[in-house]
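Report on the following structure.
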Amino acid sequence: MSNQAWQNVEQEYNRMKPSHMRDLFAADQNRAATFTTKACGFTLDYSKNRIDQQSLNALLSLARDSGVESKRDAMFAGEVINLSEQRAVLHTALRRAKGDSVLVDGENVVDEVHATLAKIKQFVAEVHNGTRQGYTGKTFTDVVAIGIGGSFLGPKIVTEALKPYQQKAIKVHFVANVDGHHITDVLAKLNAETTLIVMSSKSFTTQETLQNTLTTREWFLASGAKFTDIAKHFMCVSSNIAKATEFGIAEENIFPMWDWVGGRYSLWSAIGLPIALAVGYDNFSAVLDGARDMDDHFQNTPLAENLPVILGVLGVWYSNFFGCQSHVLLPYSHYLRGFPAYVQQLDMESNGKRTSHEDEEIEYSTGPIIWGGEGTNGQHAFHQLMHQGNTVVPADFILPVKPAHDEIEHHQMLASNCFAQTQALMQGETREEIKAALLAKGVDADEAEKLAKHKFMPGNRPSNTLLMDELSPKQLGSLIALYEHKVFVQGVIWNINSFDQWGVELGKVLGNRVLDALQDKAQPELDSSTQQLVDMFRAVIK
Ligand code: F6P
């Protein structure tokens with residue numbers, strides 16, 4: 001980029017590049033306190049980053065000059081900021097308080113949002129108190145939630161994260177993949193009479209979701225149910241009411257959502273219905289409250305103390321200046337084990353783009369590869385590369401401080417590992433330190449010299465540590481909204497549209513053509529490799 005703010009950051013990068021975080025910590029006793037910010041029950045310690053105040057200021061100026069504040073306000077106000085699809089971007093309206101107002105085409109969408117929430121509340125209460133029953137008069141014990149991408153990941157990871165809040169009487173099973181093993185495994189253990197199906201698809205055109213729903217409908221009818229019983233068991237969440245009714249879903253069983261909610265930002269809408277079924281409406285509502293807290297923080301806090309802004313600019317610092325290609329999320333929480341996969345869609349589908357708002361091809365890298373997994377498991381697997389590999393991977397360590405169990409020793413071990421990893425990544429271990437330790441153990445000098453080369457840990461590897469007071473429904477909502485807004489901040493700095501996803505379309509079109517070939521419905525022209533794969537498959541499966 002050629003703008004002045006970007007060039008200032010480039011200059012800061014050249015100044016900071018030679019410095020080691022060990023020295024930065026040694027030179028400033030207050031470093032941890034200086035680079036720590038608290039909000040919404042979080043403590044973000046970002047002192048283990050390759051920054052000082054001057055470089056951070058340059059990054060914050062870049063955010064300001066890129067228009068983060070005005071674009072943020074435009075998003076919250078419902079302006080059309082998704083230009084390639086000519087849509088407002090209003091997932092934040094889904095968590096507005098009753099009585100608030102956000103206008104889209106002259107309509108206050110907050111009223112529609114709360115009407116739908118009321119419908120969810122009523123429905124969930126009826127399922128939980130047993131007044132809503134299956135076709136043989138039995139109460140529901142299981143829910144099969146069918147959806148993929150944003151119509152799956154959010155509900156799945158929130159339900160998983162809120163395990164301590166789960167209702168005993170109802171079990172929610174998520175099915176996303178069109179791989180028939182999944183749906184058949186899930187259905188095999190269920191009784192159709194006591195199973196509710198929630199099919200979630202914003203577009204109502206997603207192949208995987210439609211196929212899994214059709215298979216489930218066949219299974220349901222094979223149980224002895226009549227066609228008219230479908231209305232008692234099949235619910236749907238979609239913005240495409242016409243297609244849903246055409247498919248056979250009764251109109252009163254359709255929970256609406258709207259064009260101005262992106263799939264990967266939709267768990268706050270009726271797409272969250274399986275969450276409410278799993279943990280109760282009040283806990284779902286608390287998730288929304290937590291997101292609203294983060295919205296308020298993002299909107300009203302100066303950039304220098306603004307959590308999404310800090311995380312966002314640090315990500316830009318590493319992606320565009322240090323050349324880091326990936327970013328790892330390390331929740332030290334079994335219940336947050338799905339969070340990296342959730343952020344993977346949120347971040348990579350939003351910011352994996354190559355065209356600017358001015359319709360020009362951009363040459364700088366955007367959205368990093370997001371990956372990760374729960375700690376401490378990763379320490380016994382991929383952390384090796386993070387410590388010693390030649391690839392620098394900036395990391396977010398996430399730890400809920402209060403556990404939902406009483407095994408305090410476990411929790412102390414979990415936390416000690418989390419903190420120690422950030423320390424090891426930051427300080428590393430010099431060859432001299434390693435050699436001295438080996439010599440002290442009686443290893444001979446030549447051997448110590450040699451071994452020190454293998455044991456050397458460069459350190460200077462950046463990480464953020466995000467402490468959560470606890471993994472409550474409310475704070476989980478804040479956590480997810482924090483990452484949504486981080487992605488937004490980065491999209492603004494990169495001058496891209498974070499809210500379309502054209503890159504997934506070609507695969508869908510070609511997938512349908514290949515399916516025609518596999519089912520012998522057509523002979524599309526295919527390259528020789530794809531044709532060979534089709535022929536090999538058809539030799540076994542016809
Ligand atoms: O193919 C990508 C995608 O459109 C995602 O953006 C979306 O979350 C997912 O598929 C599911 O879409 P739908 O809710 O319309 O079925």
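What the phi angles of region 137-154 give under the Karplus curve with 6.51, -1.76 and 1.60, with θ = phi - 60°, is a coupling list of x, 8, 6, 7, 10, 9, 10, 9, 9, 10, x, 9, x, x, 8, 9, 4, x Hz, glycine and proline written as x.
Sparse packing (at most 11 other Cβ atoms within 10 Å of the Cβ) combined with a DSSP loop state is found for the following GluC sites (Glu not before Pro) in region 323-400: GLU358, GLU360, GLU363. Straightening the chain between LYS542 and GLN53 buys 169.6 nm, computed as 0.36 nm per residue apart minus the Cα-Cα spacing. Do any of LYS353/LYS474; LYS402/LYS486; LYS119/LYS474; LYS38/LYS402 go past 23 Å between their Cα atoms, and which? From the list (LYS353/LYS474; LYS402/LYS486; LYS119/LYS474; LYS38/LYS402), the Cα-Cα distance tops 23 Å for LYS353/LYS474; LYS402/LYS486.
A straight line joining the Cα centroids of region 1-58 and region 341-410 runs 19 Å. Annotation note: trypsin sites (Lys or Arg not before Pro) in region 78-129 located in DSSP loop regions with a Cβ neighbour count of at most 15 within 10 Å are LYS98. Backbone phi angles across region 447-455, fed through the Karplus curve with coefficients 6.51, -1.76 and 1.60 (θ = phi - 60°), yield HN-Hα couplings of 4, 4, 4, 5, 5, 4, 5, 7, 8 Hz in residue order; Gly and Pro are listed as x. Classify the chain from the C-alpha gyration tensor, please: rounded if a/c falls under 1.5, else prolate or oblate depending on whether a/b exceeds b/c. Prolate is the answer for the chain, as a/c is 1.5 or above and a/b outweighs b/c. 3J(HN,Hα) along region 415-422, derived from phi through the Karplus expression 6.51 cos²θ - 1.76 cosθ + 1.60 where θ = phi - 60°, amounts to 5, 5, 5, 4, 5, 5, 5, 5 Hz, with x in place of Gly and Pro. Whole-percent P(r), region 94-285, all Cα pairs, 10 Å bins from 0: 9, 39, 39, 11, 2. The C-alpha atoms of the chain define a longest principal axis, and helix 339-351 lies at about 90 degrees to it. Amide H contacts of SER326: ILE369, each under 5 Å away and 5 or more positions distant or on a separate chain (H built 1.01 Å from N in the peptide plane; Pro and chain starts excluded).
If you take the Cα centroid of region 280-317 and the Cα centroid of region 148-185, the two points sit 25 Å apart. For GLU429, nonlocal amide neighbours, meaning residues 5 or more places apart or on other chains whose placed amide H falls under 5 Å from its own, are MET457, GLY459.
Rounded to the nearest 10 degrees, the angle from helix 207-222 to the longest Cα principal axis of the chain is 40 degrees. Taking amide H as placed 1.01 Å from N in the peptide plane, the amide H of PHE174 sits under 5 Å from that of ALA145, each at least 5 places away or on another chain.
Only DSSP H runs of four or more residues enter the estimate; each adds -39500 (n - 2.57), and after division by the residues of the chain the mean residue ellipticity at 222 nm equals -15000 deg cm²/dmol. Relative to the dominant Cα principal axis of the chain, helix 4-16 is inclined by about 50°.
No lab work stands behind these numbers, since they all come straight from the coordinates. Note that the structure is predicted; figures quoted are calculated from it, not measured. As a convention, Cβ positions derive from the backbone with ideal geometry for all residues, glycine included, and neighbour counts pool all protein chains shown.
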